[in-house]
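**Student:** Here you go, one structure.
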Amino acid sequence: MSIKSLFVPPYAIQGEEIPAFVLWEALKHQFIKIELPEAMRLKELYNVEEDMFETSKKTVTVKQVVIDGYLGMLLETRKLKEYSAEVQVKFSFLKKDGEKIIEESKIVNLFRPQLEIVDTPEIIKVDVEKNYVHGRIVLRKLGKGTLVIAFRTPKESELQKITPESVQEFLKNVERDLEINFENLKKSFPKYSNELDRYRYYIAWGWNNYEELRELKKISKNLLEASIENETFAELLLKAIAKSITENIKILTAPESFLKYIESILSEKVWVPYPWETIRVSKEPKTLLLEIVPTDLLFDEYEFLRFKPIKVHATCDGDIEITRLITWRK
């Protein structure tokens with residue numbers, strides 16, 4: 001008479017949906033009680049008829065399962081103020097009078113990455129010839145998980161983010177080839193045609209605000225579900241994306257110093273999907289109004305970061321990647 005297996009993931013990103021299940025044998029019980037923390041709620045229950053369970057704010061009580069020996073569920077986690085917290089999920093098998101036969105718990109670490117501004121300089125000096133930046137923005141990444149960041153320069157900023165011409169050519173070609181390579185996919189799965197058209201845009205050009213991010217999250221979720229349900233869809237989608245990028249990658253060039261910087265930010269578990277974005281600097285000091293739109297690998301929304309105005313000037317006219325204006329502190 002025992003619980004054979006109890007699974008709840010030991011780690012989860014805050015906001016993620018996580019599976020859980022319990023297997024047992026020879027347990028003569030009347031009820032199964034699942035006690036959830038405030039940071040979780042039940043989304044789906046498996047192997048249970050609709051009228052055979054009850055839920056309250058923190059408790060799920062199962063009266064009977066369809067096939068004895070198994071209970072599965074999908075739990076929805078929520079964002080917390082803390083970027084890391086340990087919570088407990090408890091499973092109890094009870095007799096008719098409420099007496100516990102057996103009880104077992106699992107601890108889940110709910111985490112999320114967080115971006116913190118350590119220092120924003122008033123002035124940034126760029127030595128274009130030596131490719132050196134003096135007085136950089138200092139950021140710190142807190143918490144587990146990978147942080148994904150996109151840059152914005154509002155229209156009030158004298159310095160605007162731009163995409164180098166060689167990169168623009170690469171992205172235009174990728175978007176063009178995605179349109180061509182998605183055709184077979186759209187013919188075979190026409191109900192995803194509109195989503196694939198929008199997905200094509202986001203692959204090439206990214207997002208600039210949370211409205212676009214919400215749309216990208218919805219599209220990504222739908223395409224992921226379609227990929228899980230149909231292997232052919234998944235295969236055609238991945239092949240179309242890979243082919244569109246690899247056939248155009250020769251156009252893209254980047255200096256070695258820039259590639260080394262990208263390696264360094266990846267070591268911080270910070271992903272900049274469009275690291276080639278630059279600003280055009282000159283000897284004349286100009287104001288940079290920089291904003292960061294952070295998210296995670298679930299495309300969840302995080303606090304929007306706005307930096308105070310920064311005066312940027314350089315030894316001569318030139319372009320500098322926005323990522324080069326930033327350094328990271330442990």
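**Student:** Based on other C-beta atoms within 10 Å, arrange 29, 313, 134 from fewest to most. List each step's numbers first, then the result.
**Tutor:** Values: 29 18, 313 14, 134 10.
So the residues, fewest neighbours to most, are 134, 313, 29.
**Student:** Cross-link partners among lysines for residue 96, C-alpha distance below 29 Å, same-chain residues fewer than 8 apart left out?
**Tutor:** 4, 28, 33, 43, 57, 58, 63, 106
**Student:** Could I have the simple spin-label model distance between residue 51 and residue 229, label points 7 Å from Cα toward Cβ, reported in nm to one decimal?
**Tutor:** Inter-label distance under the simple model: 2.9 nm.
**Student:** Short version: ³J(HN,Hα) in whole Hz for each residue of segment 216-226, in order, from phi by Karplus 6.51 cos²θ - 1.76 cosθ + 1.60 (θ = phi - 60°), x for Gly and Pro, what are they?
**Tutor:** 4, 4, 5, 4, 4, 5, 5, 5, 5, 4, 5
**Student:** Quick one: helix 231-246 against the long Cα principal axis of the chain, what's the angle to the nearest 10°, folded into 0 to 90?
**Tutor:** 20 degrees
**Student:** Points 7 angstrom from Cα along the Cβ direction at residue 70 and residue 304: gap in nanometres?
**Tutor:** 4.7 nm
**Student:** Roughly how many debye, to the nearest 20, is the charge dipole of the chain about its Cα centre, given +1 on each Lys and Arg Cβ, -1 on each Asp and Glu Cβ, and no other charges? Intermediate results must be reported in sequence, preceding the final value.
**Tutor:** Numbers: 51 positive and 54 negative charges, 140 e Å.
The dipole magnitude comes to about 680 debye.
**Student:** Just to verify a number: FRET efficiency for residue 58 and residue 238, C-beta to C-beta distance, R0 = 35 Å, to 0.05? Write down the numbers at each step before the final one.
**Tutor:** Values: r = 41 Å, r/R0 = 1.17.
Efficiency, from the Cβ-Cβ distance: 0.30.
**Student:** How long is the gain from residue 116 to residue 169 if the chain were fully straight, where each residue apart is worth 0.36 nm and the alpha carbon distance is subtracted? Let's see the in-between values first.
**Tutor:** Details: separation 53, 0.36 × 53 = 19.08 nm, distance 3.42 nm.
Computed gain between residue 116 and residue 169 is 15.7 nm.
**Student:** Excluding residues on the same chain fewer than 8 positions from residue 95, give the aspartates and glutamates whose Cα lies under 13 Å from its Cα.
**Tutor:** Leaving aside aspartates and glutamates fewer than 8 places away in the same chain, those within reach of residue 95 are 103.
**Student:** Then there is this: Long-range amide H contacts for residue 102: which residues qualify at under 5 Å (H placed 1.01 Å from N, peptide plane, sequence gap of 5 or more or a different chain)?
**Tutor:** Here 93 satisfy the definition.
**Student:** If you don't mind, there's one more thing I want to ask. Can you give me the distance in nm between label points at residue 27 and residue 41, each placed 7 Å from the Cα along the Cα-to-Cβ direction?
**Tutor:** Each label point is offset 7 Å from its Cα along the Cβ direction, giving 2.6 nm.
**Student:** A follow-up question, please. Of the listed values (i) 19.7; (ii) 23.3; (iii) 20.4, identify the label whose number matches Kirkwood radius over Cα pairs in Å calculated from this model.
**Tutor:** Among (i) 19.7; (ii) 23.3; (iii) 20.4, the one derived from this structure is (ii).
Every read-out reported here was derived from the displayed coordinates using simple, explicitly stated rules and does not represent laboratory data. Values in this document were obtained by computation on a predicted structure and should not be read as measured data. Cβ: placed from backbone, ideal geometry, glycine included. Neighbour counts: every protein chain shown.
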